[in-house]
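Participant: Dumping the structure here so I can ask a few things about it.
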Amino acid sequence: MSGGVRQAPAVSVVIVTMNRKEILKHCLLRLRDQTLQDFEIIIVDNASTDGTSDMLRSRFPSVRYERLEVNLGPPGGRNAGVRLASGDLCVFLDDDACFENQDALLRIRERFAQEPHLAVAALRIISPIDGQEEYKSIPRVDKKKMDEDYECTYFCGAGFALRRDVFLDAGGFWEKLFFIAEEQDLSYRLMDRGGRILRLSSVSVIHD
């Protein structure tokens, strides 16, 4: 309604990208398939020079977009995305990833609503080649593949969800960890504050 207050969406989807406009385009097109439509998309661009901004303006004008002047890596890009987010829940996807389930966002929202102490949902990351869970993404020391949900102590950055207020209270990602171990570092700080991390078997992310 014209002149009204903008209502916060149920979910903010945050995607960090750099010089991969065609890959990003595919990711965004797949997001249109979600049954839950009450979400916003935030793109944080780590100083792309390939015309990403022009592509977004022409193909996806409703997306909230911020281009950083320098490449801050995934940690800095994700922190910037959360600062822009309006939703209480932030769902993160790599730009070369997409949900396997059309009701993924709905399932994520419902699970967080059911569990008030859930800080992070680690999503199931699968390969597009064979549909199997990616070995390196399994948040277990023994890398055992399990079909049921389980508590864990870290998550894979290719696809995860968290509560925005808990994330900000913990200080976000440590940006000095430019491209490695930032998920583990944040996980330990969240758990120190009493937050639970749960691997959800019901939401799969295809990671190319």
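Participant: Conditions first: (1) in a loop (DSSP other than H, G, I, E, B); (2) over 14 Å from residue 92 (Cβ atoms). Residue 173 passes all but one, so which condition is the exception?
Facilitator: (2)
Participant: List pairs: first residue in the range 146-159 and more than 25 Å from residue 27 (Cβ to Cβ), second residue open to solvent by 50 Å² or more (accessible area, probe 1.4 Å) and in a strand (DSSP E or B) anywhere in the structure, Cβ distance under 7 angstrom, at least six positions apart or on different chains.
Facilitator: That search, which allows pairs on different chains as well, returns 151/196.
Participant: When residue 138 is evaluated against the numbered criteria (1) more than 12 Å from the chain's Cα centre (by Cα); (2) over 18 Å from residue 200 (Cβ atoms); (3) not basic (Lys, Arg), which criterion, by number, is the only one it fails?
Facilitator: Condition not satisfied by residue 138: (2).
Participant: Something else about it: When the residues of the range 35-62 are filtered to those that are out of contact with any helix residue (DSSP H, G or I) (no Cβ under 8 Å at 6 or more places or on another chain) and of a type in the set (S, T, N, Q), which remaining residue is surrounded by the most Cβ atoms within 10 Å (Cβ to Cβ)?
Facilitator: Out of the qualifying residues, it is 53.
Participant: Also, quick follow-up: Any residue in the range 63-90 that's open to solvent by 20 Å² or more (accessible area, probe 1.4 Å) and modelled with pLDDT of 95 or more: show its pairings with residues that are of a type in the set (Ser, Thr, Tyr) and in a strand (DSSP E or B) at Cβ separation under 9 Å, as long as the two are six or more apart or on different chains.
Facilitator: Here the result reads 64/12; 84/12; 86/12; 88/12, each pair linking the range 63-90 to a residue that is of a type in the set (Ser, Thr, Tyr) and in a strand (DSSP E or B).
Participant: Checking residue 187 against (1) of a type in the set (Ser, Thr, Tyr); (2) open to solvent by 60 Å² or more (accessible area, probe 1.4 Å); (3) outside any loop (DSSP other than H, G, I, E, B), which single condition isn't satisfied?
Facilitator: If we test residue 187 against (1) of a type in the set (Ser, Thr, Tyr); (2) open to solvent by 60 Å² or more (accessible area, probe 1.4 Å); (3) outside any loop (DSSP other than H, G, I, E, B), just (2) comes out false.
Participant: If I ask for residues that are in contact (Cβ under 8 Å) with a residue 40 or more places away in the chain and either buried (at least 20 other Cβ atoms within 10 Å of the Cβ) or acidic (Asp, Glu) (or both), which ones from the range 160-184 would you list?
Facilitator: Of everything in the range 160-184, those that are in contact (Cβ under 8 Å) with a residue 40 or more places away in the chain and either buried (at least 20 other Cβ atoms within 10 Å of the Cβ) or acidic (Asp, Glu) (or both) turn out to be 160, 161, 162, 163, 165, 167, 173, 175, 182.
Participant: Please go through the range 116-135 and give me each residue that is outside any strand (DSSP E or B) and more than 19 Å from residue 100 (Cα to Cα), ordered by number.
Facilitator: 116, 117
Participant: Filter the range 130-156 down to the residues that are over 21 Å from residue 208 (Cβ atoms) and of a type in the set (A, V, I, L, M, F, W, C), then identify the one that is least open to solvent (accessible area, probe 1.4 Å).
Facilitator: So, considering only residues that are over 21 Å from residue 208 (Cβ atoms) and of a type in the set (A, V, I, L, M, F, W, C), the one least open to solvent (accessible area, probe 1.4 Å) is 152.
Participant: I want to confirm something. Restricting to the range 190-208 and keeping residues that are in a strand (DSSP E or B) and of a type in the set (Lys, Arg), which single residue is nearest to residue 141 (Cα to Cα)?
Facilitator: 199
Participant: Out of the residues in the range 103-129 that are over 16 Å from the mean Cα position of the chain (by Cα) and over 27 Å from residue 19 (Cα atoms), state the one that is least open to solvent (accessible area, probe 1.4 Å).
Facilitator: Among those that are over 16 Å from the mean Cα position of the chain (by Cα) and over 27 Å from residue 19 (Cα atoms), it is 115.
Participant: Just checking, does the range 122-138 include any residue being under 20 Å from residue 27 (Cβ atoms), touching a residue at least 60 places away in the same chain (Cβ under 8 Å), touching a Lys or Arg at 6+ places or on another chain (Cβ under 9 Å) and of a type in the set (Lys, Arg)?
Facilitator: Yes, the conditions are met somewhere in the range 122-138.
The values are calculated or read from the model by the stated rules, or taken from the named source; none is laboratory data. Note that the coordinates shown come from a computational prediction; the quantities given were computed from them, not determined experimentally. Neighbour counts run over all protein chains shown; Cβ positions are idealised from the backbone, glycine included. SASA here: full protein model, heavy atoms, side chains in, ligands and nucleic acids out. Shrake-Rupley method; radii C 1.70, N 1.55, O 1.52, S 1.80 Å.
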